[in-house]
Structures are given as C-alpha cells and as structure tokens.
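Each reported figure results from applying straightforward, stated rules to the coordinates on display, with no laboratory input. Model, not experiment: these values are computed from the prediction. Cβ atoms come from the backbone with ideal geometry, glycine included; neighbour counts cover every protein chain shown.
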Amino acid sequence: MILQPVFSESWALIFGLFGLSGFILGWVAQRGNYCFVNAMTSIFTTRSFERFGALLILFGLTALGTGLLVAFGLIPPVDQYFNNYFAGWYILVGSFIFGFGAALAGGCNLSMLYRASSGYVQNWIELFGMMIGTYIFAVAIWPFQSYTMENGILSTSAGGYVEYLPYVLFHSVSNMAVYITTMIVALPLLFLGIYLQMRTRSKWGKSVSMKGPGLSAVGMKALPGLPGPSAPSIPSGLRLKQEAKDMLLLKKPYGTNLSTVILALDMIFVFIVGAGYTFNYLVITSSDGGRFFEYILMPLGINLFTNTPWFNSSLPIVDPSTLMVVMLCIGAFSASFLSGDFKIRIPKDRKRLAIGFVGGMLVGIGVRMALGCNVGLMWTNFGQLGYDGYIFLGGMLAGVYLAVKVQEKL
Amino acid sequence: MEEMEKSKSKAKPYPVRRVIGPLVLSLFAIAWYQFSKIYLTGADNIALSKANFLVYVPPDQLQGYLEATTWICYVVVYVGLMMFWVSLVKYVQSKEAGS
C-alpha cells in the first residue's frame, strides 16, 4: 500500500501545529481544571458523575468527529488504524497500575503536567517518579512483556486494521462500515455522559432544595459545574455575556463541558493535521516520562537509546509529541500566570511528597505497560475507533477505586 | 478614600514570582532550542552511526522539528519578555505606592 499524505505540509508546519495543539491542551486543561483521575475519584468519594460524564462526552465527541471525517471520505481510514496497538493483558494490568498510582499521586498524566507548570511541587515529584518508573519498566518488565507480545501470549499480534472496530464488526473498512461503527461507538458514550451529568445535577438540586431557601444559595454556589445563584433582575443573555467575558479575561475558570468541547476539537485538529504523516499518533503526553528522562541524561553523555531495552526500540529521538508536551507545559504556565493562579505550592504534609513520588513511579510503570496513558492510549484510542480505550477505562477505574479504598485506610 | 487605597496596596505588594516567572519562561525556551540543536542532533547522529533505525529521525523531520522549535522559541521569548516588562512595571509601581 502506498501511503499518500492528505495535505502537503512541511514537517516544520506539522511540528508547529502539534505544538499549537499542545498549547491549547495545556491552556484549556489548566483553565478547566481537567483531570481524568479526579473525574473517576469523585464517583467513589462524592458519588458525583458530573466530571466522569464529561469524560464520556469527550470520548464520544472525539470518536464522532474523527469517525465522520473518515466516513465522509475527507480522511482515509488508514489514518485511523495505521498505528493501532496490539491489545493484551498488559493494557489491563498497566491501566490498573496507572489508575492506582495516579490517584495516589493526585493527578493523571495530563493534570500532572499542567499542575506541575502551575507550580505544584507534588506534581514535579510525581513527574520525576514517573521517569524513574519508566526506567524500572524498561529494564525489568519490558523484556518479558515484549516476549509475550511477540508470541501472542494473552496478546493479539496483528494491530493495524485487524484491531480497527469497523473491521472487527463488519470485516470491512469501507466508508459505510466506518459510519455505522462511529455511531455505535460515539452515540452511547454521548448519551451516557449526558445522562450521568443530568442525574448528578438533579441529585444536587434535590439536596440543595431540601436545605431550604436560606441555604440553597450557599449550597448552589459551592457545587462545581452548576451555575451560581443569579439575581432575577439580570437577564440570562446578559449574564451569559458577562460569564463569557470573565472567562476570556481569565477571571473565571472554564466550565467542564466547555473544556470538553475544546479538547475534543483539539484532538480532531491533530487528526486532520497529522493525516498521512503521523496517522493516528495523536495527542500523546506520556512519552515525556521516558523521553525526557533520556533527554536529562544526554548532557551527561548517557544515551539510553544505545543500550537500554525499550529506550532502544520504542521511541524515536524526537517526534511531534515532543513539542506537544513542551508546549502543553508552556500553555498551562501561561494560563496560570495570566490568571494569577501561578504559585509555587509545597504541601504542608511532607508525606504527600513521598506518596507523590511512589505514585509517579507506578504511573511510569503503568503507562509504559499499557503502551500509553489516559490521553495517548485511552482518549486517543476512542478517536482511532479501536477497543483498547475500553480496556484501559475498565482497568483505570478499578485502579482508582482501589486507591480510594487504600487512602481511606491511611 | 485615598488612604484606604494606599493601605490596600501596602497590604498586597505585587508578588516577585510574577516578575521572575516570564523571565524563566523565556530562558527555558532558549535553553530548549539550544538543547535541541546540540544534543538531539548529536543523538540522532549516534543513532545513525549505530544503525538503530527504530530511534533514528530522518533529516527532513529533524530539520522540521528544529525549524518549528526556532519559531516557537522566538514567540515564547518575545511574549515572555513582554510579560516580564509589564510585571516589572507593576512591581515597581507597587513598591513606590508602598514606600
């Protein structure tokens, strides 16, 4: 098969646009306080599905956007399945370890980066732990894991279109097969996400109204995702305008669903930009743990890619995700600085730093085992119309649940 | 009224971190560019000499990366210096109002 780029762009432009996408990702995630782990933790602690519902909407919108682009023939299907990974035991185990570690450390791969850029020292420690975890994985786990992958032990060994859902369901990658699969994947995710959000909001509404009119205003204000009490004299159009102005002037954080829509558009943007060049290698943030560890050692004359397993076979020295991660940090820093949030924050309880480091190590081991993180494997895979994202979601939820239970005991 | 405003600015001086932050950002951008130019290009040559084509980046891609990094570096440095200048002015104003 001869692969033809969809658009004729220079590599400089592709790298630049991936950098821009990273900047948007960092900015929006910081302004929306977007965290996959917090979304899952809140299910088990406060029984709130508000943010988890937003995650499902994010996956659904991404699948819908990329799927329709392919179904209508604007982007060839090869761009969705070209880099599809092999599914196997390691995704389930890795996502479980990742969920557990990230919930302990206090942030998923995305929130770790934007919080570290906003001055949270615990997330710096988590990032360092992640680098060490990646090294431990590379020398201790990767040789065994790659053996099971090569020999198909509890692992598929095809990847590519064989693990592309339209092919799995219809044995075809035709536009119609992609269209139907897109609907099968995206619509349930969207409806479930919206339903979960509505259920949570109605529950909040009930609990607030039970408090009585005197307390309702205070209760409403304290709940995230709900509009605060409004004076009846202000027309809703004017209030909306004021809210939009406050968000633009960085006086107010972005709402969960606004962030969700922008992030989904960002992923679709990368899908279009990378068509024919990077294929479905879309929004990747976990390579920082491995690659940046390698980068730190380079000035010391140590090149891990020359003699260390995984480092010598899994990551090119640079790719568009390098600039994406760097620009994500710059975007998050800019957003936090301009909004006045930026501050070096050292946790008063120093035990949190040690927990952050251990959690970060588990995150490093988990993401490398699973072949990606919550962004690069789970979210991206929904855009690839694969099934690894579902496996990752299940494993991560189980890991986060265990971490919540462990933290209750601590 | 004026006294109230004065006491307010005395209570809340403009934080130094907001002055240093953009400067650190600009320096980071320059350091990243220099690092890419020196170490990543060097590492790519080592990968080629060892014939490790799994990590080797073809010249057109590496050149594209360096070009994009250069432009990003320019933008970040200029924006960082502008932010630094604005913050510095605000810092000096808050100091003057405080004294």
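For the pair residue A:349 and residue A:89, the difference between a 0.36 nm per residue extended length and the Cα-Cα distance amounts to 89.9 nm.
Hey, what's the per residue convex hull volume over the C-alpha atoms of the stretch A:54-158, in cubic angstrom?
140
When the Cα positions of A:49, A:87, A:321 are compared along the charge dipole of the protein assembly as shown, A:49 comes out farthest toward the positive end, with charges on each C-beta of Lys, Arg, Asp and Glu.
Give me the Kirkwood hydrodynamic radius of the stretch A:361-410 in Å, from all C-alpha pairs, to one decimal place? Value: 11.5 Å, from the Cα pair sum. Mind jotting down the distance between the C-alpha centroids of the stretch A:380-407 and the stretch A:126-187, whole Å? Using only Cα atoms, the two centres lie 14 Å from each other.
With a Förster radius of 56 Å applied to the C-beta separation of residue A:199 and residue B:97, the computed FRET efficiency comes to 0.60.
Within the stretch A:5-58, the trypsin sites (Lys or Arg not before Pro) that combine a DSSP coil assignment with at most 13 other C-beta atoms in a 10 angstrom radius are A:47. FRET efficiency for residue B:85 and residue A:402, Cβ-Cβ distance as r, R0 = 60 Å, nearest 0.05? Given R0 = 60 Å and the Cβ-Cβ separation, E is 0.75. Modelled this way, with points 7 Å down the Cα-to-C-beta line, the labels at residue A:234 and residue B:67 are 4.9 nm from one another. Only helices enter this figure: runs of n ≥ 4 DSSP H residues, each worth -39500 (n - 2.57), summed and divided by the residues of chain A, yield -21500 deg cm²/dmol at 222 nm to the nearest 500.
Separation of the stretch B:62-97 and the stretch A:349-373, taken as the distance between their Cα centroids, equals 33 angstrom. Distance from the alpha carbon centroid of the stretch B:12-58 to that of the stretch A:1-80 works out to 26 angstrom.
The fraction of all Cα pairs in chain B landing in successive 10 Å bins from 0 to the largest distance is 15, 27, 20, 15, 11, 7, 3, 0, given as whole percents. Here residue A:251 is the anchor, and the aspartates and glutamates within straight C-alpha reach of less than 18 Å, apart from those fewer than 8 places off in the same chain, are A:243, A:341.
Based on the alpha-carbon gyration tensor of the stretch A:1-87 and its eigenvalue square roots a ≥ b ≥ c, which shape applies: rounded if a/c is under 1.5, prolate if not and a/b is larger than b/c, or oblate? Prolate.
Between amide H atoms placed 1.01 Å from N, distances below 5 Å from residue A:345 occur with A:120, A:121, all of them 5 or more places distant or on a separate chain. Here the label points at residue A:246 and residue B:53, each 7 Å from Cα along the C-beta direction, are separated by 5.8 nm in the simple model.
Note on chain A: along the principal axes its Cα atoms extend 66, 54, 40 Å, ordered by decreasing extent.
For the cross-link pairs A:206/A:351; A:252/B:90; A:206/A:252; A:348/B:90, which exceed 28 Å when the distance is taken from alpha carbon to alpha carbon?
Pairs exceeding the cut-off: A:206/A:351; A:348/B:90.
Counted residue by residue at 0.36 nm each, then reduced by the alpha carbon distance between them, the extension gain from residue A:121 to residue A:258 reaches 46.5 nm. Note on B:21-33: average number of Cβ atoms from other chains within 10 Å of each residue's Cβ is 2.
Provide the net charge surrounding residue A:84, with neighbours chosen by a C-beta distance below 10 Å and charges set as Lys +1, Arg +1, Asp -1, Glu -1.
Neighbour charge sum, excluding residue A:84 itself: -2.
Dipole size of the protein assembly as shown about its Cα centre, with +1 on Lys/Arg Cβ and -1 on Asp/Glu Cβ: approximately 2360 debye, rounded to the nearest 20.
Computed from the Cβ-Cβ distance with R0 of 41 Å, the FRET efficiency linking residue A:169 to residue A:8 stands at 0.75.
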